[in-house]
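*Asks:* Just passing along the structure, written as structure tokens.
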Amino acid sequence: GLNTLLFDKLPQVLILHLKRFVFSQQTGSAEKLQKTMGYPAELVLPESYFSAPLSAALQVEAAVLSGQQAASESGPPAPAWGAAASSVPRKFRTYRLFAVCLHRGEHAVRGHYTAFACDAAGTWTEYDDRTARALTSRDILNHPEAYLLFYARENVST
């Protein structure tokens, strides 16, 4: 069967866990996948991930904030040519990357954890035990040892 999971409420902080370990039949233990996994600085969730009540609530909130009436019973207007088919505005579905936890090492049972974090001014810093060093946004994106991704919702009213 097919299971479907939908958001009933959008979290203020979305934490994504990258599955970097697989069980090896050869060794009988977990091994780390040593490959780069792409991840964006800005994550826009598709409306197809939302439950019907959440989509409706976000549409009403968007209408109220824009000073318009809520969509009629016939539903929202059709999207313009070439526009995304979502009736929930992008700003209500957008998350910004603010931290990355890294697992350094080749084995699942041992290794070292470090973190990248972004401050309110948009400056990225790497934290490794007692040291901290400045980074560029290019340093943090698609890092081959990224393990946990932390995203903050851009618009947190709902």
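*Asks:* Check whether at least one residue in the range 31-45 is among the polar types (S, T, N, Q) and surrounded by 13 or more Cβ atoms within 10 Å (Cβ to Cβ), and report yes or no. Steps first, answer last, please.
*Replies:* Keep residues of the range 31-45 that are among the polar types (S, T, N, Q), which gives 34, 36.
If we keep only those that are surrounded by 13 or more Cβ atoms within 10 Å (Cβ to Cβ) as well, we get none.
The answer is no, given that none of the residues of the range 31-45 is among the polar types (S, T, N, Q) and surrounded by 13 or more Cβ atoms within 10 Å (Cβ to Cβ).
Every residue, every condition in (1) farther than 24 Å from Leu33 by Cα; (2) surrounded by 14 or more Cβ atoms within 10 Å (Cβ to Cβ); (3) at pLDDT 90 or above, yes or no:
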{"residue": "Asp119", "(1), (2), (3)": "yes, no, yes"}
{"residue": "Thr123", "(1), (2), (3)": "yes, no, yes"}
{"residue": "Thr131", "(1), (2), (3)": "yes, no, yes"}
{"residue": "Leu135", "(1), (2), (3)": "yes, yes, yes"}
{"residue": "Arg138", "(1), (2), (3)": "no, no, no"}
{"residue": "His143", "(1), (2), (3)": "no, yes, no"}
{"residue": "Ala146", "(1), (2), (3)": "no, yes, yes"}
{"residue": "Leu149", "(1), (2), (3)": "no, yes, yes"}
{"residue": "Arg153", "(1), (2), (3)": "yes, yes, yes"}
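*Asks:* Being more than 30 Å from Thr27 (Cα to Cα), open to solvent by 30 Å² or more (accessible area, probe 1.4 Å) and modelled with pLDDT under 95, is that true of even one residue in the range 93-113?
*Replies:* The first filter runs over the range 93-113 and keeps only residues more than 30 Å from Thr27 (Cα to Cα), leaving 93-99.
After this cut, where a residue has to be open to solvent by 30 Å² or more (accessible area, probe 1.4 Å) as well, the list is 96, 98.
Adding the requirement that they be modelled with pLDDT under 95 leaves none.
No: zero hits.
*Asks:* Regarding the range 80-92, can at least one residue be identified that is modelled with pLDDT of 85 or more, among the aromatic types (Phe, Trp, Tyr) and under 18 Å from Leu16 (Cα atoms)?
*Replies:* No - not one qualifying residue is present in the range 80-92.
*Asks:* Please go through the range 117-158 and give me each residue that is hydroxyl-bearing (Ser, Thr, Tyr) and not in a strand (DSSP E or B), ordered by number. Quick ask: steps written out before the conclusion?
*Replies:* Of the residues in the range 117-158, the ones hydroxyl-bearing (Ser, Thr, Tyr) are 123, 125, 127, 131, 136-137, 147, 151, 157-158.
Passing the criteria: Thr123, Thr136, Ser137, Ser157, Thr158.
*Asks:* Can you name the residue in the range 1-28 that is within 21 Å of Pro144 (Cβ to Cβ) and in contact (Cβ under 8 Å) with a residue 24 or more places away in the chain and, of all such residues, is surrounded by the fewest Cβ atoms within 10 Å (Cβ to Cβ)?
*Replies:* Selected residue: His17.
*Asks:* Return a yes/no flag: does the range 18-40 have any residue that is in a strand (DSSP E or B) and at pLDDT 90 or above. Working first, answer last.
*Replies:* Residues of the range 18-40 in a strand (DSSP E or B): 21-24, 29-32.
Cutting the leftovers down to at pLDDT 90 or above gives us none.
No, because not a single residue in the range 18-40 is in a strand (DSSP E or B) and at pLDDT 90 or above.
The values are calculated or read from the model by the stated rules, or taken from the named source; none is laboratory data. Treat the numbers as computed from the prediction; the structure is a model and nothing was measured. Quick reminder, even Gly has a Cβ in these numbers, built from the backbone with ideal geometry, and neighbours come from all protein chains shown. We work out accessible area using only protein heavy atoms, side chains counted, and drop any ligands, DNA or RNA first. Shrake-Rupley method; radii C 1.70, N 1.55, O 1.52, S 1.80 Å.
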